[in-house]
Amino acid sequence: DQQVKQNSPSLSVQEGRISILNCDYTNSMFDYFLWYKKYPAEGPTFLISISSIKDKNEDGRFTVFLNKSAKHLSLHIVPSQPGDSAVYFCAASKQGGSEKLVFGKGTKLTVNP
Amino acid sequence: GAGVSQSPSNKVTEKGKDVELRCDPISGHTALYWYRQSLGQGLEFLIYFQGNSAPDKSGLPSDRFSAERTGGSVSTLTIQRTQQEDSAVYLCATQRYVSPAYNEQFFGPGTRLTVL
């Protein structure tokens with residue numbers, strides 16, 4: 001039973017355009033959501049997070065949107081850069097993020113120059 | 001460095017052998033997690049240590065897996081009688097709980113385990 005789903009295994013975008021990565025979750029107890037970025041042979045690195053009390057959080061080129069009624073979140077990267085090419089994992093947690101993270105399977109983003 | 005470190009970076013072993021994977025957390029981080037990523041899968045939670053509390057072992061796939069955290073610092077994940085399906089990247093993450101608004105987990109580079 002996958003509680004966090006990333007239905008697109010891959011996404012290809014032109015440099016300068018917007019990248020939109022999607023994530024759905026099933027457990028209504030999740031109240032904290034995170035995006036991690038992973039390069040090959042490295043551990044995931046934290047990118048951005050959002051608490052369920054918000055519907056949007058922005059950090060530079062990265063914005064995360066949360067739609068609680070739809071149990072859906074998305075990560076927008078604009079403008080996309082070739083260095084953004086990586087695997088992006090969506091993760092969810094309970095208790096404000098103090099519990100274990102439940103991860104999706106990841107979306108491989110390729111930004112073409 | 002100041003990050004989470006893991007050793008070894010790569011481990012190749014024969015089926016049936018035991019392996020130990022080590023995680024050195026960021027100083028001051030009270031929470032430590034082990035995850036694994038099998039080929040084509042997301043990160044799967046294995047075990048969680050928080051301070052002096054009893055660990056959450058709910059993610060361990062079988063009794064061949066165990067983990068310790070000595071002195072609230074270094075952690076060792078042990079896999080006994082390894083099987084080919086144990087082949088994966090094993091990731092350690094640590095966390096310094098600050099508040100409900102900020103709970104980033106910092107990951108190490110992982111140990112790639114290959115069971116022949």
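The values are calculated or read from the model by the stated rules, or taken from the named source; none is laboratory data. Note that the structure is predicted; figures quoted are calculated from it, not measured. Cβ: placed from backbone, ideal geometry, glycine included. Neighbour counts: every protein chain shown. These accessible areas exclude ligands, DNA and RNA; they are computed on the full protein's heavy atoms, side chains included. Shrake-Rupley method; radii C 1.70, N 1.55, O 1.52, S 1.80 Å.
Below is a table of values for the structure above.
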item: Filter result for the condition that a residue is among the aromatic types (F, W, Y) and within 15 Å of A:P9 (Cα to Cα), over A:F65, A:F33, A:F46, A:F103; result: A:F103
item: Strands (runs of 3 or more DSSP E) enclosed by the range B:38-108 - at least 2 residues per element that are facing another protein chain (nearest Cβ under 9 Å); result: B:43-50, B:88-95, B:105-107
item: Residue selected from the range B:48-79 under the condition touching a residue at least 12 places away in the same chain (Cβ under 8 Å) and among the basic types (K, R), by the criterion farthest from B:L21 (Cα to Cα); result: B:R64
item: Residue within the range A:83-90 that is of a type outside the set (D, E, K, R) and either over 29 Å from B:S5 (Cα atoms) or open to solvent by 50 Å² or more (accessible area, probe 1.4 Å) (or both) present; result: no
item: Residue that is modelled with the lowest pLDDT [pool: residues in the range A:30-42 that are under 9 Å from the mean Cα position of the chain (by Cα) and more than 8 Å from chain B (Cβ to nearest Cβ)]; result: A:F33
item: Residue list for the range B:1-53, filter: closer than 18 Å to B:L116 by Cβ and among the aliphatic types (A, V, I, L, M); result: B:V12, B:V19, B:L21, B:L39
item: Some residue of the range B:1-12 being touching a strand residue (DSSP E or B) at 6+ places or on another chain (Cβ under 7 Å), polar (S, T, N, Q) and without any contact (Cβ under 8 Å) to a residue 24 or more places away in the chain; result: no
item: Count of the range B:8-36 residues which are within 13 Å of chain A (Cβ to nearest Cβ), more than 9 Å from B:T94 (Cβ to Cβ), open to solvent by 20 Å² or more (accessible area, probe 1.4 Å) and among the hydroxyl-bearing types (S, T, Y); result: 1
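For (1) touching a residue at least 12 places away in the same chain (Cβ under 8 Å); (2) part of a loop (DSSP other than H, G, I, E, B); (3) away from chain B (no Cβ under 14 Å), each residue gets a yes or a no:
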| position | (1), (2), (3) |
| --- | --- |
| A:V64 | yes, no, no |
| A:H76 | yes, no, yes |
| A:S80 | yes, yes, yes |
| A:V87 | yes, no, no |
| A:C90 | yes, no, no |
| A:L109 | yes, no, yes |
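Per-residue answers, yes or no, for (1) within 23 Å of A:Q95 (Cα to Cα); (2) at pLDDT 95 or above; (3) not aliphatic (A, V, I, L, M):
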{"site": "A:L11", "(1), (2), (3)": "no, yes, no"}
{"site": "A:Q14", "(1), (2), (3)": "no, yes, yes"}
{"site": "A:I18", "(1), (2), (3)": "no, yes, no"}
{"site": "A:S28", "(1), (2), (3)": "yes, no, yes"}
{"site": "A:P44", "(1), (2), (3)": "yes, no, yes"}
{"site": "A:S51", "(1), (2), (3)": "yes, no, yes"}
{"site": "A:L75", "(1), (2), (3)": "yes, yes, no"}
{"site": "A:P82", "(1), (2), (3)": "no, yes, yes"}
